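Notes follow the structure.
The values are calculated or read from the model by the stated rules, or taken from the named source; none is laboratory data. Keep in mind it's a predicted model, so treat the numbers as computed, not measured. Virtual Cβ from ideal backbone geometry, glycine too; neighbours counted across all protein chains shown. Surface accessibility is based on the protein's heavy atoms, side chains included, excluding ligands, DNA and RNA. Shrake-Rupley method; radii C 1.70, N 1.55, O 1.52, S 1.80 Å.
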Amino acid sequence: MPGRLLSVRIPSLAKLGAPRCAKSMASDTGKKLIQIDVSSDTVCPWCFVGKKNLEKAMEQSRDKFDFEVRWHPFFLNPDAPKEGVRKSDFYKAKFGPVQYERVISRMAEIFRGLGLEYDMSGLTGDTMDSHRLIALAGHQGYDKQNALVGELFLYYFCEGKYIGDKQVLLDAARKVGIEGAEELFQDPTKGVDEVQEELKKYSSGISGVPHFVINDKYQLSGGQPPNVFMRAFEMAAKDGA
């Protein structure tokens with residue numbers, strides 16, 4: 001994939017930026033393959049919402065297309081402490097107490113709509129180790145990588161677990177069958193260069209996440225609804241017809 005992404009607006013989608021889009025190839029099944037590159041941070045709630053909506057769109061389109069989803073790093077707070085701070089304290093300081101209550105109430109409502117409970121307990125902080133693990137998972141298969149990202153989101157947003165905690169990351173890695181995670185975390189520098197390279201290649205030109213690039217061409221930002229993704233799939237497929 002080229003380092004500079006070609007940005008193409010999907011008609012009528014330009015105004016649908018959610019709170020914060022190519023070639024189409026044939027897969028082994030004979031269906032057209034839709035490749036989706038996602039820039040995301042593991043402490044971004046809209047990234048979890050976007051993932052859920054993307055998966056709904058993929059499920060409703062599997063009779064037409066096969067999919068390959070690849071996750072890439074982004075750092076919402078590059079200076080976040082490794083030891084972590086209480087989520088509630090961090091976001092009250094960021095938004096102020098009144099806006100904090102509005103934001104949390106809104107996110108809780110959105111998560112309930114997805115069948116999830118939004119949990120503001122626990123810590124937030126540096127996400128480099130989670131991105132190192134996600135990069136490792138990508139070498140073992142994008143399905144595994146996608147499953148890992150889902151587990152990390154569940155841990156952080158629904159179970160109050162701190163994903164800067166290496167034991168939490170190891171638990172997620174074991175759950176989805178990622179090999180080599182313990183060796184990865186024995187060396188704090190291992191995988192960092194890869195994360196930085198991916199950050200530069202896929203995420204340097206964006207200011208917020210989630211950010212989706214479909215077949216190197218169509219770009220969508222934010223936790224878009226499933227129908228928006230489905231329209232993007234159709235346009236990408238037509239381009240490669």
Checklist entry - For the cross-link pairs Lys52/Lys201; Lys94/Lys144; Lys52/Lys166, which exceed 29 Å when the distance is taken from alpha carbon to alpha carbon? => result Lys94/Lys144
Checklist entry - Okay, helix-only estimate at 222 nm for the chain: each DSSP H run of n ≥ 4 adds -39500 (n - 2.57), divide by all residues, round to 500 deg cm²/dmol; what do you get? => result -14000 deg cm²/dmol
Checklist entry - Can you pull the percent of the chain's accessible area that's carbon plus sulfur, 1.4 Å probe, other chains left in place? => result 50 percent
Checklist entry - Amide H to amide H, which residues 5 or more places from Leu123 or on other chains are under 5 Å from it, using H placed in the peptide plane? => result Lys87, Tyr162
Item to check | Derived scalar couplings ³J(HN,Hα) [the range 133-142; Karplus, 6.51 cos²θ - 1.76 cosθ + 1.60; whole Hz; x for Gly, Pro] | outcome: 5, 4, 5, 4, 4, x, 6, 9, x, 5
Checklist entry - Can you list the HN-Hα couplings for the range 99-116, worked out from phi with the Karplus curve (6.51, -1.76, 1.60; θ = phi - 60°), rounded to whole Hz and with x for Gly and Pro? => result 5, 4, 4, 5, 4, 5, 4, 5, 5, 4, 5, 5, 5, 4, x, 9, x, 10
Checklist entry - So for the chain, Kirkwood radius off the Cα pairs, Stokes-Einstein at 25 °C and 0.890 mPa s: how many µm² s⁻¹? => result 133 µm²/s
Next on the checklist: When a/c reaches 1.5 or more, the comparison of a/b and b/c decides; with that in mind, is the range 32-122 rounded, prolate or oblate per its Cα gyration tensor?
Outcome noted: oblate
Checklist outcome for this item: Burial-style ranking of 58-65, 143-150, average other-beta-carbon count within 10 Å with highest first, yields 143-150, 58-65
Checklist entry - Which of the peptides 182-191, 69-78 is most tightly packed, and how do the rest follow, judged by the mean count of other Cβ atoms within 10 Å per residue? => result 69-78, 182-191
Next on the checklist: Quick check for you: with a 1.4 Å probe and neighbouring chains kept, what is the accessible area per residue of the chain, in Å²?
Outcome noted: 49 Å²
Item to check | Straight-distance crosslink candidates among lysines, where the alpha carbon sits under 21 Å from Lys92 and sequence neighbours closer than 8 are dropped | outcome: Lys82, Lys161
Checklist outcome for this item: Amide H neighbours of His72 at under 5 Å, excluding residues fewer than 5 places away on the same chain, with H built from the backbone geometry, are Val38, Ser39, Ser40
Item to check | Integer Hz, Karplus 6.51/-1.76/1.60 couplings in order for the range 79-90, x for Gly and Pro | outcome: 9, 4, x, 5, 6, x, 10, 4, 3, 4, 5, 4
